[in-house]
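Everything below concerns the one structure shown next.
The values are calculated or read from the model by the stated rules, or taken from the named source; none is laboratory data. Because the structure is a prediction, the values reported are computed rather than measured. Cβ placement follows ideal geometry from the backbone for every residue including glycine, while neighbour counts extend to all protein chains displayed. Quick note on the areas: whole protein, heavy atoms, side chains included, nothing else; ligands and nucleic acids left out. Shrake-Rupley method; radii C 1.70, N 1.55, O 1.52, S 1.80 Å.
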Amino acid sequence: MAFTHGQMHANALFKNQSFRNAATYSRYLRRFRDRPLYPSFFIQPATFSKYEIDIPVYLRRLGWSSLVENLRFSQCPEAVRLFYVNLRCGPGSDPSYFTTLVYDYEIKVTPDLLASLLGLPHDGLKAGSDRDFYHFGFRFDETLQSLAHDIGRWFPSQLSVGRMPDDLKVLHFFLTRCFLPRDLSSTELLHSTYLWVLYNARAGRRISFASLMFCHMIRFGNEYYSGPLPFGPQITRLISRLGIYLRDKVVVCDILDDLRPQHVLARLDALVGPRKPVTGSGGVSNQPTEHEHATATATALEDAAAATFKQAAHSMCGPKWRKWLEKDLLLPRFVYESNQINDPISSDSESDDEDRISTYASPPKYPF
């Protein structure tokens with residue numbers, strides 16, 4: 001049942017027009033009508049704690065803990081495309097609001113509206129543009145220099161995310177895929193918005209997510225801003241809560257939910273987690289790290305000791321005793337059937353084996 005005019009939110013007014021003008025309609029046909037919506041990446045930040053990367057702590061410092069709750073939504077792709085193609089900023093170079101048209105209704109959007117109708121974090125520093133960041137004392141070059149981490153590798157750009165410590169690289173992954181999504185082709189470089197978040201996460205300052213989301217929407221209203229359209233579920237919910245009827249147009253959004261921490265760490269070429277060959281200016285490097293070399297040496301020594309012990313057991317004992325020795329004495333450290341090390345002390349050994357199987361040999365069949 002559709003809302004009546006008396007039930008409509010004050011920020012949604014009926015205008016009896018689908019597009020602002022013929023030029024907007026032409027732009028819609030050329031750049032927005034078939035534009036894909038950004039998929040929803042579903043991965044819990046707490047799963048990285050086994051690698052001593054505590055993303056939930058950063059989210060609590062920012063005041064963003066609620067963003068990882070209720071991530072599965074439905075969306076209306078047509079309404080989302082209309083939302084972006086009709087977007088027009090308010091007066092001034094740094095607008096405090098923008099308006100848009102969706103199904104003949106003109107909507108006035110502000111950060112406060114996003115926060116109130118979508119329950120978005122809006123405490124702390126309210127900034128979304130470079131001008132706002134500068135006002136609060138943020139200096140891009142100085143911040144980049146203070147956070148960059150020399151890992152002994154060459155990068156083609158000083159803005160490469162690879163120069164960040166592992167914990168900030170993982171937080172940047174969540175920013176560019178989940179919280180403030182952007183085109184995957186540009187996620188390798190640090191943009192000012194993301195560096196602003198990393199900077200305040202390290203400093204322990206709360207910042208407004210609603211302000212960042214507001215400015216992020218404005219950028220995607222530009223037809224030359226590439227990539228899938230973000231915030232499909234959130235925009236759908238916003239339009240619906242303003243009183244615009246969407247019930248017969250909503251579909252289930254695309255959820256990419258089989259990512260594991262190992263996949264992300266491999267994608268980011270992190271220093272923690274299972275390792276992989278690294279492609280650099282000199283080609284593919286197969287040289288093991290110091291940690292890998294030590295691990296391989298220890299494994300080889302353990303295998304040699306196990307083989308010696310097993311040979312002695314076979315030569316000294318009968319079949320029954322050999323079976324008992326292999327099962328009850330060797331099993332706590334070695335598993336011969338699978339040739340894998342088993343650590344019975346750890347309660348997570350089963351899940352660790354599961355993670356080990358699903359690392360780089362079988363990554364998800366989609367870009368991330």
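Taking residues in the range 226-237 that are surrounded by fewer than 20 Cβ atoms within 10 Å (Cβ to Cβ), and partners anywhere that are hydroxyl-bearing (Ser, Thr, Tyr), the pairs with Cβ atoms closer than 9 Å and at least 6 places apart or on different chains are SER226/SER185; SER226/SER186; GLY227/TYR38; GLY227/SER185; GLY227/SER186; PRO228/TYR38. Taking the range 26-41 as the range and being part of a helix (DSSP H, G or I) and open to solvent by 70 Å² or more (accessible area, probe 1.4 Å) as the test, the residues that pass are ARG30, ARG31. Scanning the range 39-67 for residues being under 12 Å from the mean Cα position of the chain (by Cα), closer than 16 Å to ASP257 by Cβ and not polar (S, T, N, Q) gives a total of 5. Based on what the data block shows, is GLU188 charged (D, E, K, R), in contact (Cβ under 8 Å) with a residue 60 or more places away in the chain and out of contact with any Leu (no Cβ under 8 Å at 6 or more places or on another chain)? Considered against the rule, which asks whether it is charged (D, E, K, R), in contact (Cβ under 8 Å) with a residue 60 or more places away in the chain and out of contact with any Leu (no Cβ under 8 Å at 6 or more places or on another chain), GLU188 comes out as no.
Would you confirm, using the coordinates I've provided, whether ILE255 is closer than 30 Å to ILE107 by Cβ, touching a strand residue (DSSP E or B) at 6+ places or on another chain (Cβ under 7 Å), in contact (Cβ under 8 Å) with a residue 24 or more places away in the chain and surrounded by fewer than 18 Cβ atoms within 10 Å (Cβ to Cβ)? Here the answer is yes, as ILE255 does meet what is asked. Go through the residues of the range 49-62 one by one and say whether even a single one is surrounded by fewer than 17 Cβ atoms within 10 Å (Cβ to Cβ), modelled with pLDDT under 90 and part of a loop (DSSP other than H, G, I, E, B). Looking through the range 49-62, none of the residues is surrounded by fewer than 17 Cβ atoms within 10 Å (Cβ to Cβ), modelled with pLDDT under 90 and part of a loop (DSSP other than H, G, I, E, B).
Of the set (1) without any contact (Cβ under 8 Å) to a residue 24 or more places away in the chain; (2) open to solvent by less than 60 Å² (accessible area, probe 1.4 Å), all apply to LEU180 but (1).
Every test in (1) open to solvent by less than 20 Å² (accessible area, probe 1.4 Å); (2) of a type outside the set (A, V, I, L, M, F, W, C); (3) within 28 Å of ILE43 (Cβ to Cβ) is passed by PRO77 save one, and that test is (1). The requirement of being of a type in the set (A, V, I, L, M) and in contact (Cβ under 8 Å) with a residue 24 or more places away in the chain is fulfilled nowhere in the range 23-35; no residue meets it.
In this structure, is ALA127 in contact with a His (Cβ under 8 Å, 6 or more places away or on another chain) and either open to solvent by less than 20 Å² (accessible area, probe 1.4 Å) or not polar (S, T, N, Q) (or both)? Criteria met by ALA127.
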